[in-house]
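The values are calculated or read from the model by the stated rules, or taken from the named source; none is laboratory data. Small disclaimer: the values here were computed from a predicted structure and weren't measured. All Cβ positions, glycine included, derive from the backbone under ideal geometry; neighbour counts span all protein chains shown.
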Amino acid sequence: MSFVTVAYASLFYLAAAVLLAGLAAKVVQYARTPAPLKIPTTPAPTTQSGVVLRMAREVVLFESLFKGNKWIWLFGWIFHFGLFLVTLRHLRYFIEPVWLPIALIQPFGIYGGMAMVVGLLGLWARRILVDRVRYITGPSDHLMLGLLVSIGVSGLMMTFVVHTDVVAVKEFFRGLVTFQVAPLPSDPLLLLHLLLVAVLMIVFPFSKLLHAPGLFFSPTRNQADNPREKRHVAEWAKRLEQQP
Amino acid sequence: MAKVDFKVPELKQYAEIPAVTPETMAHSRPFVAKPEFQEPLGFPGALADDWQERAIAKMGDLLSRYRSLRVYLDSCVKCGSCTDKCHYYLGTQDPKNMPVGRQDLMRKVYRRYFTLAGKFFPKLVGAEDFTREVLDDWYSYYHQCSQCRRCSVFCPYGIDTAEISMAAREIMDHIGVGQKYCNEIIGKVFKIGNNLGLPGPALQDTLEGLEEDVLDDTGVAVKYPLDQVGAEILLVTPSADFFAEPHVDGLVGYGKVFHEAGVSWTLSSYASEAANFGMFIGSYENMRRVAQRIREAAIDLKVKRIVFGECGHAWRVAYSFLNTLAGPWDFLDPRYPVPQHICEFTHGLMQEGKLTFDKSQNDDKVLTYHDSCNVARASRMGSVPGGQFDIPRAIIRATCNHFYDMDEETIRERTFCCGGGGGLLTDDLMELRVKGARPRVEALNNVMQEKGVTHMAAICAICKSQFTKVLPFYGMEMDQIVSLHQLVSNAIVLTPGDDDELEDDEEDEEAA
Ligand code: SF4
Ligand code: SF4
C-alpha cells in the first residue's frame, strides 16, 4: 500500500472523527444550555408545528435573509443549494449499489458544482466591494471562501479537464467505510481536492460553519409564541424560586 | 431645546444607507453609576483590580445559562444582512453600530477565552484580549443599542443583538461598571415602587386631580382608584402616565374605557410601575424582583385580572416573561389571558359593541401609528400572530377618521425604534437619541408631506418621551406624538353612572 493511500486514509479517519465528535460536542452543549426566557422574534408561530414550518422555511428558503438583502440571499442560496446537489452527487462514492435518486441526480450535481462556485464568488465580491461587509470581514472569512472555492474548482476540473479514476476513488472510500483500505489514485488534483475537503471537515466544529447546527438552536426562531398559555422556567431559575 | 454640540442629520425623502465612517460615536457614553446605585442591585460599586478575571468568569456563567448567547456568538457568518438595519448605524455611520459590529465587540473576547481557534490563532479569527480599551468600547457601544431586535428579523440565524447587549451590560454591572440611568431607576422601584420615585400620596393626589378634570370635561364621574382591595382588575402602567404629557391623556382614556366596561379596577401604589429596567441591564434576578412586586400587589389587592397600560418594553416583560418570572397565575380568573394589554381590553369591548365613539372628536388630526419595537418584535396581542399590529390600528380606525400608515419598510415587524429604548432615554445620550431617531422621523416626515399627517400615535412611554424630546430637533412639534388611548379618550361617548347628577347627564347628551 502506498504512502499516499495510508496518509489519506488516516487523514480522512481523523477528519471524520473530529467532525463528528466536534459537532456532537457542540450540539450537546447547545442542547444542554437552557433558554431561560421566551424570546421568539414575533410575529411567531403559536404552535410547535408552526415552529417546524418556520424553521423549514429558514433552512430551505433562507426566509429571513431574503427579507434582509436580496443579493446576499441570491448568492448565498445558490451556493448552498449547489452544495446540496454536489453532496448528493458525491454519495455515489460511498454506497453500492447506488440508489436510483442519487443516480438520477448525477448531472444536476455538476450544475450544482458550478452554481456553488458562482454563489461563492458573488459572496466574495460583496466582501470586497461593499464597505459595510468589508468592515466585518476578517482573514478567516477570506480563507473560508478560498477553501470552498478551491474545493469547488478542483472538483469541477476533475470533471471537465483532468479526469481521475473515479472507480478507484470509489473503491478507496468504500474501503474506508468498510475498514478495508483500498489504494487511492495519486493524481495531484484529486489529492488536492481531498486534502481541502478534509481540512474543511476538521475546521467545521471550530469555525463559523457552526451556523448550521446553530440555526436549529436559535431561540428567536425555534420557540413557539405561547408564554401566557404555558409557563416556561429554566432549571437554574427554579432555584431562585426556592429562595424566599 | 437643549444646546446642540452635534449636527442634527438632514431628513431625506428616500432612505439611504450611509458609508461606513469609523469611530464617529466612540465618545458617546452614558454616566457611570456611583457605588450607591450599584449596591442595592447586588453589584460591586467600582472596578476592582481583578476585573478582567471576573468579567471572563461572568461571561462563562452567562454562556452556561443563556443558549441565545452561546449560539449567537458561534453562529454569525458575517454575511452582512444586518449591517444596514440598525437605526443607530443609519443615524451615525459608525460601523460598531452595525449589529454585527456591535456583536463582534463581545465575539472577539468570547473567541479569545472560550474557543480553540481564538486561543491558538487569535489574529486569524479576530480574537482579542479583554483589555481596558475593549471594555471602554463595550461601555460605549453596548449603550448604543436600544435592544429593539430589528436586526434579528433580518439575520438568517435570528441572531438577536439585544441578547448580546443585555449580556454585556450584565457582565459590566458585575465588575462594577454599571450605567447610572438604569441602575438608579431600578433602585427607586425597589425603594418606592416606581421609576419616577412618586410616593403613594402623590399618586393619590394626581388621580383625584384626574377625576376632577374628567368630571369637568364630560360631566361624568369616571373613577381613577388606587389600592382598592377587591377590585376586579389591577392596572399596571408606566409611571410616566401619572403626569407626563402626552402619557397622562392615555391614562385618562384607560379610565374611561373601564368606566364603559362597567368593571371595577384599581392601580397599586406598591406596583405603580409597569416598566422593568431589569431587562435592559440583562439581569434576570433584578427583573424578577421587579416583576414579583406585581404578583404581590395582585395578591394583596385580591384582583382577578391584570391589565397593562401603554408601554413597549413593559409589555414585552409582561407578555413574554411575567408568567416565567412571577407566575403561575392560577389565583386569577382563568377566562382571561394574564396579563392583558389595555389595547386588547379596549379592542375586546369594541368587538362586543360596548363602546360608542364619536370619531369627529379627532378630526383636528391626521394620524399615523408608530409600532413600538418591543410590542412589534417581542410580544403579541390577541390570539393570532400579528395582533400586535392590527389591534392598535383597529382602535385608531374606530376612533379617528384620518389615518395613514408610514412606509411599509418602517412599520410592523420592520418598525424603526424611536431611538430612546433599551435604557438610553437619558439626557447624557442626547446626540445618540437624536441621530438614532432619524430613520423613524424620516418616515414620519414623508407621510406628513405626502398625506398631510399631523400626529403620530404610540403605545409606549419611552417612545412618547423620546419623540417629545427629539421631534423639535427636526423642526417638528413636541405635541405631534400622542397616546393611543388619548384618541380613545377624545372619541369615547361616556355613559353617565348612577351617581352622576341629572344636569350633568343632560349636558353630556347635549355635547354628544
Ligand atoms: S437590537 Fe436594535 S439597536 Fe441593537 S443592534 Fe439590533 S437593530 Fe441596533
Ligand atoms: S445577519 Fe446575522 S449572520 Fe449575517 S452578519 Fe448579521 S449577525 Fe452575522
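What the table below lists for this structure:
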read-out	value
Qualifying positions in segment B:186-201 - farther than 23 Å from B:A378 by Cα, aliphatic (A, V, I, L, M) and touching a residue at least 12 places away in the same chain (Cβ under 8 Å)	B:V189, B:L196, B:L198
Of residues in segment B:69-86 being within 12 Å of ligand 1 (Cβ to nearest atom) and either surrounded by fewer than 24 Cβ atoms within 10 Å (Cβ to Cβ) or among the charged types (D, E, K, R) (or both), the one farthest from the chain's Cα centre (by Cα)	B:D84
Neighbours by Cβ (under 7 Å, 6+ apart or cross-chain): first from segment B:385-408, outside any loop (DSSP other than H, G, I, E, B); second of a type in the set (D, E) and at pLDDT 95 or above	B:F389/B:D371; B:I391/B:E344
The listed residue being in a helix (DSSP H, G or I), more than 9 Å from every other protein chain (Cβ to nearest Cβ), at pLDDT 95 or above and over 30 Å from B:A318 (Cα atoms), out of A:L191, A:L210	A:L191
Residue check, B:I186 more than 16 Å from ligand 1 (Cβ to nearest atom), on the phi < 0 side of the Ramachandran plot and crowded, with 24+ Cβ neighbours inside 10 Å	yes
Matching option when the condition is farther than 25 Å from B:N490 by Cβ and surrounded by 24 or more Cβ atoms within 10 Å (Cβ to Cβ), among B:V375, B:V384, B:V434	B:V434
Segment B:87-103, subset crowded, with 24+ Cβ neighbours inside 10 Å and of a type in the set (S, T, N, Q), residue nearest to the other protein chains (Cβ to nearest Cβ)	B:Q103
Test: residue in segment B:419-430 that is within 15 Å of ligand 1 (Cβ to nearest atom) and either assigned to a helix (DSSP H, G or I) or closer than 29 Å to B:G348 by Cα (or both)	yes
Residue list for segment A:154-167, restricted to those being in a helix (DSSP H, G or I) and either exposed (fewer than 15 other Cβ atoms within 10 Å of the Cβ) or of a type outside the set (A, V, I, L, M, F, W, C) (or both)	A:S154, A:G155, A:T159, A:F160, A:V166, A:V167
Residue match in segment B:107-124 (condition: within 28 Å of the chain's Cα centre (by Cα) and either of a type in the set (D, E, K, R) or within 16 Å of ligand 1 (Cβ to nearest atom) (or both))	yes
From A:A31, A:A15, A:A9, A:A44, residue being of a type in the set (G, A, S) and surrounded by fewer than 15 Cβ atoms within 10 Å (Cβ to Cβ)	A:A31
Long-range neighbours under 6 Å by Cβ, at least six apart or interchain, first residue within 11 Å of A:L143 (Cβ to Cβ) within segment A:193-206, second buried (at least 20 other Cβ atoms within 10 Å of the Cβ)	none
Neighbours by Cβ (under 6 Å, 6+ apart or cross-chain): first from segment B:133-160, within 11 Å of chain A (Cβ to nearest Cβ); second basic (K, R)	B:R149/B:R377; B:R150/B:K85; B:C151/B:K85; B:F154/A:K67; B:F154/B:K85; B:G158/A:R221; B:D160/B:R149
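Every residue, every condition in (1) modelled with pLDDT of 95 or more; (2) at the interface with another protein chain (Cβ under 8 Å from one of its Cβ atoms); (3) within 16 Å of ligand 2 (Cβ to nearest atom), yes or no:
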| residue | (1), (2), (3) |
| --- | --- |
| B:K12 | no, no, no |
| B:E16 | no, no, no |
| B:Y66 | yes, yes, no |
| B:V71 | yes, yes, yes |
| B:K78 | yes, yes, yes |
| B:L105 | yes, no, yes |
